[in-house]
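Data first, discussion second: the structure below is written as structure tokens.
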Amino acid sequence: MMECRICTLFSYIDGEIAGLQNNLYDRKIIAKYQCGFQPGKSTLDNLFYLQQEILFGFENKQSTVCIFFDIEKPFDRLSPQSIIQALDHYNFRGHILPFVSNFLSNRMFQVRINDMLSNTKNQETGIPQGSVLSPLLLILAINSISFVIHYPVQYLLYADDLAIFMRNKDFH
């Protein structure tokens with residue numbers, strides 16, 4: 001009897017995650033140049049695209065300037081509120097908002113050093129690593145970068161790694 005309830009719970013969770021994932025892809029919410037945690041995409045896609053842009057610049061006597069960023073410990077730094085706001089911004093309704101909110105709230109932890117165990121603490125920021133849902137939530141939160149970068153400046157994302165670049169004949 002207990003196995004049946006656990007199977008039902010896992011089936012429900014799997015359905016919620018699949019629904020979120022399908023919705024993100026079907027509605028094309030994820031930034032076009034986000035290759036992290038995306039089916040059929042890899043770091044090579046971004047490298048190839050950047051290489052093509054640099055070569056196109058050479059052919060047109062343009063220089064390409066590129067700046068690379070890496071967000072340090074992104075899973076640990078994200079605020080659960082920003083993820084809920086992103087879901088709300090994209091009009092996610094129904095079970096997914098409370099599901100994600102419950103997933104991200106009331107997270108407790110303790111630290112063990114040898115035989116000593118710390119008091120229980122509330123984890124107020126970050127999202128759990130190792131969950132199937134966490135990479136989706138990370139790229140959803142980082143997705144907003146695509147709203148503030150406009151052509152001729154371009155960007156490429158691989159999860160939390162960001163490359164911002166542009167081509168021009170004269171950067172003076």
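The values are calculated or read from the model by the stated rules, or taken from the named source; none is laboratory data. Remember, it's a predicted structure, so these values are computed and weren't measured experimentally. All Cβ positions, glycine included, derive from the backbone under ideal geometry; neighbour counts span all protein chains shown. Remember, those area values only see protein heavy atoms, side chains included, never the ligands or the DNA or RNA. Shrake-Rupley method; radii C 1.70, N 1.55, O 1.52, S 1.80 Å.
Overview of values
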item	result
Radius of gyration and Dmax over the Cα atoms of region 43-123, both given in Å	21.8, 66
Region 73-128: trypsin sites (Lys or Arg not before Pro) falling in loop per DSSP and having at most 13 other Cβ within 10 Å	ARG93
Lys, Arg +1 and Asp, Glu -1 on Cβ, resulting dipole of the chain about Cα centre, debye, nearest 20	240
Volume per residue that the Cα convex hull of region 1-144 spans, once the total is divided by residue count, Å³	181
Taking region 50-172 and dividing mean pair separation by its residue count, relative contact order in percent (alpha carbons under 8 Å, at least six apart)	38
In Å², nearest 10: area of LYS32 left accessible to a 1.4 Å probe	150
Where chymotrypsin sites (Phe, Trp or Tyr not before Pro) fall in DSSP loop in region 85-116, at most 14 other Cβ within 10 Å	TYR90
Dipole axis of region 18-172 (+1 Lys, Arg; -1 Asp, Glu on Cβ), positive-most option in ALA163, TYR25, ALA141	TYR25
Accessible area (Å², 1.4 Å probe, nearest 10) - SER105	40
Helical mean residue ellipticity (222 nm; -39500 (n - 2.57) per DSSP H run of 4+; nearest 500) of the chain	-14000 deg cm²/dmol
Alpha carbon convex hull of region 29-88, volume per residue in cubic angstrom	126
Dipole of region 1-157 [Lys/Arg +1, Asp/Glu -1 at C-beta], most positive-end residue of SER131, PHE56, ILE96	ILE96
Crossing angle, helix 133-142 versus the chain [Cα axis fit, 0-90 degrees, rounded to tens]	40
Ranking by accessible area, most exposed first, for MET116, MET166, MET108 with a 1.4 Å probe	MET116, MET108, MET166
P(r) of region 93-172 over all Cα-Cα pairs, binned every 10 Å from zero, in whole percent	13, 30, 25, 18, 10, 4, 0
